[in-house]
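Structure first, commentary second.
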Amino acid sequence: SVNAILPFSYNEFNMLFNRLSKRIDIDLLIPEDIKDILLRNLDTSKSNLRIGYFNGDEAAPFLLICTDEKVILGFFKDDGTYDQNRLLTSEDDDCIIWGNELFKNFKKENIKMSH
């Protein structure tokens with residue numbers, strides 16, 4: 001499975017999630033302001049693809065992708081742009097558990113509606 005907080009639309013991620021949604025469960029949390037862009041690029045007909053929306057102005061600016069094998073955490077610069085140099089990855093079981101807990105807590109506190 002994949003749990004992800006995607007604060008921006010990135011074509012490579014969109015294609016990856018479309019491929020993965022054919023065989024695994026995916027739970028995406030995205031800002032409401034990119035909903036239209038992302039939904040045009042994702043195959044939302046899959047029942048194993050769940051999408052929740054949050055207010056991007058109020059949410060913490062970070063990228064999080066958690067799988068059963070890896071966690072990826074990305075950060076933004078002070079000016080609000082995504083910084084590819086601020087990316088942490090881990091395959092450690094404790095880190096994966098931590099990443100999934102962060103995802104669950106973020107979802108509980110920030111999600112307004114789901115697809």
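So which of Asn48, Asn55 ends up being touching a strand residue (DSSP E or B) at 6+ places or on another chain (Cβ under 9 Å), farther than 18 Å from Phe8 by Cβ and not basic (Lys, Arg)?
Asn48
Tell me which helices (runs of 4 or more DSSP H) are completely within the range 3-115 and hold 1 or more residues being at pLDDT 90 or above and aliphatic (A, V, I, L, M), or say none if there are none.
93-110
In the range 2-21, which residues are open to solvent by 60 Å² or more (accessible area, probe 1.4 Å) and in contact with a helix residue (DSSP H, G or I) (Cβ under 9 Å, 6 or more places away or on another chain)?
Of everything in the range 2-21, those that are open to solvent by 60 Å² or more (accessible area, probe 1.4 Å) and in contact with a helix residue (DSSP H, G or I) (Cβ under 9 Å, 6 or more places away or on another chain) turn out to be Asn11, Met15.
Take Lys35 and decide whether it is within 15 Å of the chain's Cα centre (by Cα), open to solvent by less than 90 Å² (accessible area, probe 1.4 Å) and more than 17 Å from Tyr10 (Cα to Cα).
no
The values are calculated or read from the model by the stated rules, or taken from the named source; none is laboratory data. Computed from a predicted structure; not experimentally measured. Cβ coordinates were reconstructed from backbone atoms using ideal geometry, including for glycine residues, and neighbour counts include every protein chain displayed. We work out accessible area using only protein heavy atoms, side chains counted, and drop any ligands, DNA or RNA first. Shrake-Rupley method; radii C 1.70, N 1.55, O 1.52, S 1.80 Å.
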